[in-house]
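Input: a single structure, listed below in structure tokens.
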Amino acid sequence: MNMSHKNCGHEATKSARARCRKANGKVIPAVPPARSPQRENKKVDRDYLFTRRIKKAGPNECWVWDGRTDKHGYGYLTVRDGYKTKSVKATRWVMEKHLGRKLNPEEWVLHSCDNPPCCNPNHLRLGTAKDNARDRVNRGRHNHAGKTHCKWGHEFTPENTGVQSSGSGRTCLTCVKLRNQYRRDKNFSGDFSEYVALHASDDSGYR
């Protein structure tokens with residue numbers, strides 16, 4: 001018996017009408033096509049993929065990152081952040097796994113071995129941007145590390161070398177002291193270079 005498609009309640013589509021005729025009016029749900037096993041999505045253990053990039057050695061030796069690095073040798077990896085991806089330093093990722101928590105933006109991961117690609121947690125410690133700048137100054141890895149004197153001719157000795165407040169490099173402590181005096185000195189009308197020259201001459205009598 002032929003049944004009207006209008007009376008069976010199916011959608012008015014060609015495939016629905018075909019199912020309706022085949023079942024003589026009975027509702028048959030559409031069967032999704034079977035997916036091939038090759039197309040099944042497999043969950044990737046990203047932690048394993050990152051961990052195998054680290055060439056582990058002894059507990060007190062450097063564990064070198066074998067993945068992507070920047071021009072300074074620090075390792076980087078790409079992680080998911082919601083629907084987006086972002087690049088994270090390998091040392092920061094390792095430290096978060098080691099501590100079992102997320103690091104705050106103001107927390108920096110510093111090396112005690114001074115080896116940028118090293119990811120051994122025993123060689124890493126937490127610090128601040130100023131701690132990182134101090135390490136760069138002490139190890140001679142900051143900008144203009146080859147300079148032995150400041151702009152005004154003062155030698156960068158251990159007693160005369162400090163860290164800039166921005167954390168970007170070293171500063172001359174003699175210049176810092178003279179600049180503070182220059183700002184407070186109401187009797188001097190020249191510029192700072194003349195003020196430095198006056199204090200550099202022992203026979204100037206200007207103190």
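A short reminder: the numbers here are calculations on the coordinates, not readings from a lab. It should be emphasised that the depicted structure is a prediction, and the values quoted were computed from it without experimental measurement. All Cβ positions, glycine included, derive from the backbone under ideal geometry; neighbour counts span all protein chains shown.
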- Query: Of the peptides 80-88, 112-120, 49-57, how do they stack up when ordered by the mean number of other Cβ atoms within 10 Å, highest first?
  - Reply: 112-120, 49-57, 80-88
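How much length is gained on full extension from Glu159 to Phe192, taking 0.36 nm per residue of separation minus their Cα-Cα distance?
On the way: separation 33, 0.36 × 33 = 11.88 nm, distance 2.26 nm.
Full extension of this stretch gives 9.6 nm more.
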- Task: Specify the inter-centroid distance of the stretch 43-66 and the stretch 83-103, based on alpha-carbon positions, in whole Å.
- Result: 13
- Item | Check: the stretch 46-127 dipole with +1 on Lys, Arg Cβ and -1 on Asp, Glu Cβ, in debye | 360
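If Lys and Arg each add +1 and Asp and Glu each add -1, what is the summed charge of the other residues whose beta carbon sits under 13 Å from the beta carbon of His154?
Values: positive: Lys147, Lys151, Arg170, Lys177, Arg179; negative: Glu155, Glu159.
Spelling it out: positives minus negatives among the neighbours equals +3.
Give the shape of the stretch 144-200 as rounded, prolate or oblate, defined through the alpha-carbon gyration tensor: a ≥ b ≥ c are the square roots of its eigenvalues, a/c under 1.5 means rounded, and otherwise the shape is prolate if a/b is larger than b/c and oblate if not.
Working: a/c = 2.52, a/b = 1.77, b/c = 1.42.
Because a/c hits 1.5 or more and a/b exceeds b/c, the stretch 144-200 counts as prolate.
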- Value of relative contact order over the stretch 46-127, rounded to a whole percent, pairs C-alpha under 8 Å and six or more apart: 30
